[in-house]
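What follows is a set of notes on a single structure, which appears directly below.
The values are calculated or read from the model by the stated rules, or taken from the named source; none is laboratory data. All values derive from a computational prediction rather than experimental measurement. Ideal geometry is used to build each Cβ from the backbone, glycine not excepted, and the neighbour counts take in all protein chains shown. Quick note on the areas: whole protein, heavy atoms, side chains included, nothing else; ligands and nucleic acids left out. Shrake-Rupley method; radii C 1.70, N 1.55, O 1.52, S 1.80 Å.
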Amino acid sequence: MLDHGMPELGRILVAVSGGADSTALLLLLHRLAKTMRTELHVAHFDHGLRGRAAAREESFVRSLCDALCVPCTSGSADVRETARTARVGLEDASRRERYAFLARVAAEAGCSAVATGHTASDQAETVLLHLIRGTGLKGLGGMQPVSSWPFEGHRGLRLVRPLLRLSRQHTLAVCAAFGIEPLEDESNASPQFRRNRIRHEVLPLLREMNPSIELALVRLASAASEGSAYLESEARKLFVSPRSGASGDVALPRELKNAPVVLRQMAVRMALADAAGDAREFTERHFEAVEGLLMSGATGDRVELPRSVVAVLEADGLVVGRGGDPHPSPLPGGEGILLGAPGACSRFGMLEASLIEVKPESGTWVEVDEGAVKGVVRVRRRRDGDRFQPLGMSGTKKLQDFFVDARVPRDERDAVPIFESGRGIVWVGGLRIADWAKPQAGAPTLFLWYEPVTD
């Protein structure tokens, strides 16, 4: 009756609302606890939406737990306030608060998994919801019997759904067999929630065309899940290590353009989910934008995505990671600093820099034509839109393109000091000077110099 794919889970937190599905889940797990060699702890959550009914539901769950000798922890939240402050829908806010509560109780109770009462009926509704919203093969797979926790910050905690093979009629029958009359959540009839509209409006229409529509949708989910798992294993083989080695970044090779469309799309979806921790808030529009960047973008192009994820097309592939540099630059932003008279050191972030009249004995330096700098040099960090004329070139190029061609890792570019005079960028520190700043035969020169400081 329970899903046969359930692993040994140790102590399980059972989410119980008092409705037929979660009540049947608790009754079955309690009956099988010794066989499964597991211990149970119940969690009951009040969303703050049902007024007096909430107290009746908590009392029912606690009485059932007392009868079964199972410990119970209850909690509550003002979901309407969460929805207002987070600017999300009531369903989304409810889910966030509920899962945050369950994760917290699981940690306190020492549970390695949280079990929910989702059934085959819920699975059918989920597949339809995903279809309506727009989804790919993975979304058609619906809910999985065992999955990682759907929110960040709870590594190792698993979400299990042992009843995915049972219908709502089955859970009612289980409760009746145990002599328990479950509660009916009045909000399940409210058309305010999309799932309820699917349940009470869409599915009845589909049953007129196919009385076994729920079973058909569950079979579709199973087939899609198996196909998605295979494609994921194949797509994972296409991943490469990011050139920069930045922690948390995911890299896809440019050659992915030539892969079958379905593998390319799966690899893009997986890259975004890996970078963010999961695929929440990413839509088809986001996946298509990243795929378009890979297919037709220019080196240096980028796509900014929800949850601070950024996709950047580099010379050898597409790198997807969290926005913000995991290796903060030692150089501050802004206008930078003007170097003083030759020989005087100036502090700029974690560097000391100077104009020097004699060849330096240490640090990083370059010799330039004195007339080109005219004694006025500013040191700063790179900026968007920077251009300069590298030594040996007759025209200018984007600094971004220069970094790419010079194979400077993306997460190190803000650490490169830019030396600039009134004419433009004189020297990209440690890399190349401007063609117009090169020393001229018989003309006086100066040295641009810098080295890191350790304090």
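Structure data summary
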{"quantity": "So Arg387, is it closer than 20 Å to Leu331 by Cα, surrounded by 14 or more Cβ atoms within 10 Å (Cβ to Cβ), modelled with pLDDT of 90 or more and not aliphatic (A, V, I, L, M)", "calculated": "yes"}
{"quantity": "Segment 150-166, residues that are of a type in the set (A, V, I, L, M) and either more than 20 Å from the chain's Cα centre (by Cα) or in a strand (DSSP E or B) (or both)", "calculated": "Leu159, Val160, Leu163, Leu164, Leu166"}
{"quantity": "2 or more residues closer than 18 Å to Ser190 by Cβ, without any contact (Cβ under 8 Å) to a residue 24 or more places away in the chain and of a type outside the set (Gly, Ala, Ser): qualifying helices (runs of 4 or more DSSP H) within segment 11-114", "calculated": "90-109"}
{"quantity": "Output for segment 252-277, where each listed residue is closer than 18 Å to Leu238 by Cβ, open to solvent by less than 40 Å² (accessible area, probe 1.4 Å) and either among the polar types (S, T, N, Q) or in a helix (DSSP H, G or I) (or both)", "calculated": "Leu256, Leu263, Arg264, Met266, Ala267, Val268, Met270, Ala271, Leu272, Ala273, Ala275"}
{"quantity": "Any pair with Cβ under 7 angstrom, 6 or more apart, that starts in segment 248-265 at a residue that is within 12 Å of Leu294 (Cβ to Cβ) and in contact (Cβ under 8 Å) with a residue 12 or more places away in the chain and ends at one that is small (Gly, Ala, Ser) and open to solvent by less than 50 Å² (accessible area, probe 1.4 Å)", "calculated": "Ala251/Gly317; Leu252/Ala267; Leu252/Ala271; Leu252/Gly317; Pro253/Gly317; Arg254/Gly317; Leu256/Ala267; Gln265/Gly136"}
{"quantity": "Filter result for the condition that a residue is open to solvent by 40 Å² or more (accessible area, probe 1.4 Å), among the polar types (S, T, N, Q) and in contact (Cβ under 8 Å) with a residue 12 or more places away in the chain, over Ser362, Ser421, Ser346", "calculated": "Ser362"}
{"quantity": "Leu206 vs. criteria open to solvent by 60 Å² or more (accessible area, probe 1.4 Å), part of a helix (DSSP H, G or I) and over 24 Å from Leu26 (Cα atoms)", "calculated": "no"}
{"quantity": "Residue that is most open to solvent (accessible area, probe 1.4 Å), among those in segment 162-203 that are closer than 24 Å to Ala55 by Cα and among the aliphatic types (A, V, I, L, M)", "calculated": "Leu172"}
{"quantity": "Failed item in (1) free of Cβ contacts under 8 Å to residues at least 24 places away in the same chain; (2) open to solvent by less than 70 Å² (accessible area, probe 1.4 Å), with Gly317 passing the rest", "calculated": "(1)"}
{"quantity": "Condition broken by Arg432, with the remaining ones in (1) in contact with a Pro (Cβ under 8 Å, 6 or more places away or on another chain); (2) at pLDDT below 90; (3) within 19 Å of Arg383 (Cβ to Cβ) satisfied", "calculated": "(2)"}
{"quantity": "Selection from segment 115-149 of residues that are open to solvent by 40 Å² or more (accessible area, probe 1.4 Å), under 20 Å from His200 (Cβ atoms) and assigned to a loop (DSSP other than H, G, I, E, B)", "calculated": "His118"}
{"quantity": "Which numbered condition Ala289 misses (of (1) closer than 21 Å to Ala415 by Cα; (2) open to solvent by 20 Å² or more (accessible area, probe 1.4 Å); (3) not in a loop (DSSP other than H, G, I, E, B))", "calculated": "(1)"}
{"quantity": "Odd one out for Arg280 among (1) assigned to a loop (DSSP other than H, G, I, E, B); (2) without any contact (Cβ under 8 Å) to a residue 40 or more places away in the chain; (3) among the charged types (D, E, K, R)", "calculated": "(2)"}
{"quantity": "From Ala100, Ala115, Ala106, residue being modelled with pLDDT of 90 or more, of a type in the set (Gly, Ala, Ser) and under 18 Å from the mean Cα position of the chain (by Cα)", "calculated": "Ala100"}
{"quantity": "Evaluation of Arg380 against (1) more than 16 Å from Gly349 (Cβ to Cβ); (2) open to solvent by less than 30 Å² (accessible area, probe 1.4 Å) (one fails), failing number", "calculated": "(1)"}
